[in-house]
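Here the structure comes first, spelled out in structure tokens, and everything after it is commentary.
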Protein chains: 2
Amino acid sequence: MRPPVHLAIACLLSSTAVQAQQPVPFRAPIDAYRRAHEAEILREFRDLLAIPNLASDSIAIRRNAAAIVAMLERRGVTTRLLESPGGGPPAVYGELRTAGATRTIVLYAHYDGQPVEPARWATPPWEPTLRDGPLERGGNVVPLPSAAGTTGPEWRIYARSASDDKAPIVAMLVALDALRAAGRAPSVNLKFYFDGEEEAGNAHTSALLRQHAALLASDGWIFADGPVHQSRRPQVVFGVRGVTDVVITAYGATRALHSGHYGNWAPNPAAVLANFIASLRDVDGRILVPGYMDDVRPLTAADRRALRTVPNVDAALCRELGLAATEANNAMLAERIMQPALNVRSLHAGPLGAAANAIPTEATASIDFRLVPDQRPERIRRLIEAYATRQGYTVLHAAPDSAMRATHGRLLRFDWGAEGYPGQRTRADMPLARAVVRAVTDALGAPVIEVPILGGSLPTYLFAEALAAPLVVVPIANHDNNQHASNENLRLQNLWDAIVVFAGIESMKGATVP
Amino acid sequence: MRPPVHLAIACLLSSTAVQAQQPVPFRAPIDAYRRAHEAEILREFRDLLAIPNLASDSIAIRRNAAAIVAMLERRGVTTRLLESPGGGPPAVYGELRTAGATRTIVLYAHYDGQPVEPARWATPPWEPTLRDGPLERGGNVVPLPSAAGTTGPEWRIYARSASDDKAPIVAMLVALDALRAAGRAPSVNLKFYFDGEEEAGNAHTSALLRQHAALLASDGWIFADGPVHQSRRPQVVFGVRGVTDVVITAYGATRALHSGHYGNWAPNPAAVLANFIASLRDVDGRILVPGYMDDVRPLTAADRRALRTVPNVDAALCRELGLAATEANNAMLAERIMQPALNVRSLHAGPLGAAANAIPTEATASIDFRLVPDQRPERIRRLIEAYATRQGYTVLHAAPDSAMRATHGRLLRFDWGAEGYPGQRTRADMPLARAVVRAVTDALGAPVIEVPILGGSLPTYLFAEALAAPLVVVPIANHDNNQHASNENLRLQNLWDAIVVFAGIESMKGATVP
């Protein structure tokens, strides 16, 4: 079996990976508290993971909200369910005032999860299961511990949302317990915002935020979502790529035609679609649409400094993924994801398997456009459609009727996804960014990677725009957590580190926040 | 509902369409015989259609051969099964000497059929079903007639191989019966060659023909396969496009990668494949591979004269097919199929339906190349692969192993179909060509369309090359017969006309054959 990336690249890294075995001044009492309470921490986590959490399951999603309210109230946090005027799952809101604090931080996580295909799971997605190692390396099921200090750091808990994104909720609250046990207190006013429809597209969130803007006023948001770096080192992320997506359909004749009798005469929608895609991007990922890059915000010197903290894991990743080369002449992953990407996610035309000698009636491609600041989904959509029009295509937004077919050639239909995110980025030199980097570094006693932008997309722009607050992402999950897939899991050491990280953030120097 | 092409274009045609209701001297007794025996003709046809006929089903295919042997022997034809030295289905051979005849004609049809997807059929493919009209215009199932003259000309029989290609076998033999009943006799020595692996690629046919070349000696072959013209007028065809096909696979990473976290870095095989296809041909069907057209044989004056007999049905076809425009600026179908075509038959990458945010691991396209004389499949294959190599792709003929992946980028795999046909064309001014045109015209009492080349591919070159004999194609099926697809059918009037056509050919003037 191929060694995982984090082992393969250990030799590439000059700095030391986080090890719980090397206590540092800040984390020692936090770790000690956690070690003494592992059994009860894991029970609380298991109970939360056991509640099915599809945003569309309105009964179950509110059971999650109620459970989180109870978890907050056990810690003396004032709670409230925030409803959106348009419906949808509630956000769980909590508030913990700190005497004398002048700054307020909002801690964000989401409690809803991706849909599941139970047949693909080794154990049921909502029956949290502890294993003494990763499933794919033979990890065995073990019971939840009943005594302190009996787990291993490589143990994993398997359940939907174990990593994405219920773990931060538990970590944030256990961090409060640990701080108190250590005789410390938060240094800032804390607000909690636990989102109930992140995986469902946040259709109701913007209205909810505007409705409750006064309540949610703060000096900055800490978004806890996503994985740590592939090297297992902690990272602080200042932005995310946005996204918009589309299904493009090219139309040919209304019935499949014999490729011999009609080939070279009847339009071939599969060839049309291939040509249109090739007009959008080349094999190296270069986007060929004129004007596409106009809104790309240049990196600042601080962004570039941050980028230099990101370890180069490309060679190890290539080995793991069976790639001799990557796009753009092997340019570095961390740099490439700071640029827009055009991803062809699927292509479909004609039958799978044995070839029919037929020209297909239509061809479809699913494409996503990953955006960076200040690209806006609406502009990208207009740009792509205008580009198609200039190439002689007839742009449609529904299947063509017979009148349309009779009068227009080269029909190309664009079904844009309902939601899109613009890219979002907080300047790496913003006071909030510096304060969070320092808090996490000090808490863990190890340098953190500063990532100017994450390749994936989170709805952070909704919060940044609705509330005009700076926003930093602090991911805590292991990178191999099977996010969105079957056998999602959280490595226990990542949970233990997360408790330390949030203890650091909750007690970070108030003065450093603007 | 849209009127079918043959009605829509009636006004475009200067000559009269074939109508059974207008008996002419030759066809009157043939039609009379057929009308009196419709019930038994259809029973014999039904019994043949009821035998499953996939070439790879060696038991069933030999049941077909045995049934055809019995049909021939009922008519006093000497029969033999011809086996290929390399195995495969037998060809059914028959011989009927005509006293005093000095010329010999071989009549060809094939008795194997395309694979079926029973779930897509309205009635099971090997349960021949008569309907009183086309399925898509509400034709109802009717029982086989038990009395003479009770069917309608627009009735259709639905079964695999009803049109492709068992109907000619029945028509050729009933034509013999009808000639005899009319007191006429064949004018030439007749040989019958019924092919058992046409739809499976004729892998064993060349060896079979060379093995039995002496037995198969003749003055010319009449190939009965394919549909009549879309106008429903009869056509005689002097050539066919050849074909070679390939499945091309582009490879990305060994596992699907999140399109956000890795998009713009990891190679996207779907985009690579689209770019490669776009480098092969444009949206107008123009083939962009340098040197591709070098071997295209120019048309002769006779070919051009023949081409002028082909009615222009393009406008009506476009209406039927929901097309406002066709490739190459609406150039005429009959002219376009005289040129090579590159058809994308399928595209597949990533999941169908709901989009995963993932870069697929591979992408495949199935493509066929329709060739014209004197293009050879081997040269086309070399040309395409060399073109890929020049573009920087690594050309493979099997899935890449990890060593290949680790050392080579841009992997493109070519799985060429086992068999390919070169294009084949008999000169329109050859004596055989003129004799067949005259015989069919005289038999039907209506002018025939002379088609220099058929868009589809038949293995005629195997026969033309192995036996050095001229070869003319006489198709008899309705154009809307759903050949190769579900609900394949034959229109009864096409069967009735076919009996007249073969009676004309079987009794054509021996002296006109060279």
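Hey, quick one: spin label on A:GLU73, modelled 7 Å out along Cα-Cβ, who in region A:88-115 has an amide N within reach, i.e. under 18 Å? The answer is A:90-97.
For the pair A:GLU117 and B:MET404, a Förster radius of 30 Å applied to the C-beta separation gives a FRET efficiency near 0.40, rounded to the nearest 0.05. Each Lys or Arg adds one and each Asp or Glu takes one away; over the other residues whose Cβ falls under 12 Å from the Cβ of A:LEU96, this sums to +1. With R₀ set to 41 Å, the beta-carbon distance separating B:ARG427 from B:SER146 gives a calculated FRET efficiency near 0.30.
Inter-part distance, region A:239-296 to region A:338-371, computed on C-alpha centroids, equals 8 Å. Net charge in the neighbourhood of A:PRO115 (other residues with Cβ under 11 Å of its Cβ; Lys, Arg +1, Asp, Glu -1) is -3. Among the residues of B:454-467, the average count of other protein chain beta-carbon atoms within 10 Å of the residue beta-carbon is 2.
Charge tally for B:ALA256 (other residues, Cβ to Cβ under 13 Å; Lys, Arg +1; Asp, Glu -1): +1.
Could you work out the relative contact order of chain B? I mean the mean sequence separation of Cα pairs under 8 Å and 6+ apart, divided by the number of residues, in percent.
It comes to 26 percent, rounded to a whole number.
Taking the label point 7 Å along Cα→Cβ, B:ASP57 and its counterparts in the other copies are spaced 4.6 nm apart, in ascending order. For B:LYS191, a cut-off of 26 angstrom between C-alpha atoms picks up these lysines, skipping any fewer than 8 places away in its own chain: B:LYS166, B:LYS509.
Annotation for A:ARG137, label-to-label distances across the other copies: 7.0 nm (shortest first, one decimal, point 7 Å from Cα along Cα→Cβ).
Antiparallel DSSP bridges in chain A: what percent, to the nearest 5? It would help to have the intermediate numbers written out before the result.
On the way: 48 of 72 bridges.
Here the share of antiparallel DSSP bridges comes out near 65 percent.
Annotation: amide H-H contacts under 5 Å for A:ARG345 (H modelled 1.01 Å from N, sequence separation of 5 or more, or interchain): A:SER366, A:ILE367, A:ASP368.
If you plug the beta carbon distance of B:ASN330 and B:ALA301 into 1/(1 + (r/R0)^6) with R0 = 30 Å, you get a FRET efficiency near 0.70. Computed per residue of the protein assembly as shown from DSSP H runs no shorter than four, each worth -39500 (n - 2.57), the mean residue ellipticity at 222 nm is -9500 deg cm²/dmol.
Taken along the Cα-to-beta-carbon direction at a fixed 7 Å, the label points for B:MET293 and A:ALA181 span 8.1 nm.
Computed from the alpha carbon atoms alone, the convex hull of chain B holds 164 Å³ per residue.
Sequentially through region B:410-417, phi angles give Karplus couplings (6.51, -1.76, 1.60; θ = phi - 60°) of 6, 7, 10, 9, 10, 9, 6, x Hz, Gly and Pro residues having no value and appearing as x. Stretched out straight at 0.36 nm per residue, the stretch from A:ASN312 to A:LEU352 would grow longer than its current Cα-Cα span by 10.5 nm. Only alpha carbons enter this Debye calculation for the protein assembly as shown, each as an equal point scatterer, and the log10 of I(q)/I(0) it gives at q = 0.07 Å⁻¹ is -0.72. A label point on A:ALA32, set 7 Å along the Cα-to-Cβ line, lies at 11.8 nm from each of its counterparts in the other copies, closest listed first.
Computed from the coordinates by the stated procedures, all read-outs in this text should not be read as laboratory data. This structure is a prediction, so every number in the text was calculated from the model and none was measured. No Cβ is skipped: glycine too gets one built from the backbone with ideal geometry, and neighbour counts run over all protein chains shown.
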